[in-house]
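Read through the structure below, which is laid out as structure tokens, and then see the notes.
The values are calculated or read from the model by the stated rules, or taken from the named source; none is laboratory data. Model, not experiment: these values are computed from the prediction. For neighbour counting, all protein chains shown are included, and Cβ atoms are generated from backbone atoms with ideal geometry for every residue, glycine included. Ligands, DNA and RNA are stripped out before the accessible areas are found, and what is left, the full protein with its side chains, is counted by its heavy atoms. Shrake-Rupley method; radii C 1.70, N 1.55, O 1.52, S 1.80 Å.
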Amino acid sequence: MIEFEHVTKKFGDVTVLDALNFQVRRGEKVTIIGPSGSGKSTVLRILMTLETIDDGVITVAGKPLWHERVNDQLVPASQKHLREMRKEMGMVFQQFNLFPHMTVMRNVTEAPMHVLGLSKEQARERATKYLDLVGLIDHADKFPSQLSGGQQQRVGIARALAMEPNILLFDEPTSALDPELVGEVLGVIQKLSQEQDLTILLVTHEMQFAKEVSDRVCFFDKGVIVESGPPEQVFCHPQEARTQAFLSNFI
Ligand code: ADP
Ligand code: MG
């Protein structure tokens, strides 16, 4: 579903992703862990086409992301191609990124109407379904500021789901929350992780949670994958010294 082949990303002189090779299968739930600054968010932001790449090829759902094929040659992607590719993915951000001046309902209907071209009725029907799934249908007419952080993040999840993407990206979805609000958000992600079709890429420091929901865990450091495997293996029997050192911070 997702493939990075030799992807390099630099910010000025700093190489953030260093010829990264990385694959996620359709329906797979993969967690990325790693120290701050190791390139985790950059991977997600590149997939959302919020950042470009300097070298390599990324394929999403069988199609090149940052390139397109014209007469059998890979050329830089057009805006039209990028718009099409974005429909494959939805992202949930650490800081929620809700529109503060819009109600919960409008936060969720906005993109389906303006990006997918749904009618207002169709968009409200969808939004109702996903707000119900995250347990917030009774809050549809409130503004984000009237909700707790946990509720705001659940709106963020409903908003991503309302685009009905094949891939959901989560960037530290609980890091901005007070500890007592983390569980309600993880509960929703747990529910989604049981969906067979959905491909999930999750960046988190919630190691116990990662252990429960992931098919595979990837430890990132300095723009490369140091170690990757089933959660029991990476968490309980890490092979690499860097992984062991990182995980020792969480005991
Ligand atoms: P992580 O999410 O693992 O903490 P990031 O992917 O956010 O790491 O960042 C990786 C590195 O890239 C960091 O050194 C960060 O400072 C740098 N970086 C990220 N975004 C930018 C940017 N827009 N401009 C310059 N440097 C950036
Ligand atoms: Mg980050």
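Does E68 satisfy the criteria of being open to solvent by less than 30 Å² (accessible area, probe 1.4 Å) and charged (D, E, K, R)?
Values: open to solvent by less than 30 Å² (accessible area, probe 1.4 Å): no; charged (D, E, K, R): yes.
Considered against the rule, which asks whether it is open to solvent by less than 30 Å² (accessible area, probe 1.4 Å) and charged (D, E, K, R), E68 comes out as no.
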Residue within region 213-220 that is assigned to a helix (DSSP H, G or I) and touching a residue at least 12 places away in the same chain (Cβ under 8 Å) present: yes
Cross-chain or 6+ apart pairs with Cβ under 8 Å, region 190-206 first and open to solvent by 10 Å² or more (accessible area, probe 1.4 Å), then among the aliphatic types (A, V, I, L, M) and within 16 Å of ligand 1 (Cβ to nearest atom): H205/I33
Subset of region 108-156 that is open to solvent by less than 60 Å² (accessible area, probe 1.4 Å) and among the basic types (K, R) - its residue that is farthest from E172 (Cα to Cα): R126
All positions within region 34-46 that are buried (at least 21 other Cβ atoms within 10 Å of the Cβ) and either touching a helix residue (DSSP H, G or I) at 6+ places or on another chain (Cβ under 8 Å) or polar (S, T, N, Q) (or both): G34, S38, T42
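Output the residues belonging to region 168-191 that are part of a loop (DSSP other than H, G, I, E, B) and closer than 23 Å to I2 by Cβ.
Restricting attention to region 168-191, the residues satisfying the condition of being part of a loop (DSSP other than H, G, I, E, B) are 172-178.
Once the filter is applied, which keeps residues that are part of a loop (DSSP other than H, G, I, E, B) and closer than 23 Å to I2 by Cβ, region 168-191 yields E172, P173, T174, S175.
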Selected residue (criterion: nearest to A111 (Cα to Cα)) from residues of region 73-91 that are assigned to a strand (DSSP E or B) and in contact (Cβ under 8 Å) with a residue 40 or more places away in the chain: G90
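Return a yes/no flag: does region 31-49 have any residue that is more than 18 Å from D171 (Cβ to Cβ) and of a type in the set (G, A, S). Before you say what the answer is, go through the steps one by one.
Here is the first cut: in region 31-49, the ones more than 18 Å from D171 (Cβ to Cβ) are none.
For region 31-49, residues more than 18 Å from D171 (Cβ to Cβ) and of a type in the set (G, A, S): absent.
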Strands (runs of 3 or more DSSP E) wholly inside region 2-69 containing at least 2 residues that are within 16 Å of ligand 2 (Cβ to nearest atom) and either among the polar types (S, T, N, Q) or more than 18 Å from F220 (Cα to Cα) (or both): none
Selection count where residues are open to solvent by less than 40 Å² (accessible area, probe 1.4 Å) and under 18 Å from F170 (Cβ atoms), scope region 5-28: 4
Odd one out for F220, checked against (1) farther than 24 Å from L20 by Cβ; (2) within 16 Å of ligand 1 (Cβ to nearest atom): (1)
In region 1-50, the residues that are touching a Leu at 6+ places or on another chain (Cβ under 6 Å) and at pLDDT below 95: T49
Only listed residue being open to solvent by 30 Å² or more (accessible area, probe 1.4 Å) and on the phi < 0 side of the Ramachandran plot, chosen from E164, E180: E180
The listed residue being surrounded by 14 or more Cβ atoms within 10 Å (Cβ to Cβ), more than 27 Å from R242 (Cα to Cα) and within 16 Å of ligand 1 (Cβ to nearest atom), out of T31, T49: T49
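Taking the residues in region 207-251 that are among the charged types (D, E, K, R) and within 26 Å of V188 (Cα to Cα) as candidates, determine which candidate is surrounded by the fewest Cβ atoms within 10 Å (Cβ to Cβ).
So in region 207-251, the residues among the charged types (D, E, K, R) come out as 211-212, 215-216, 221-222, 227, 232, 240, 242.
Those still in the list that are within 26 Å of V188 (Cα to Cα) too: 211-212, 215-216, 232.
Values: K211: 16, E212: 12, D215: 15, R216: 18, E232: 10.
Top of the filtered list is E232.
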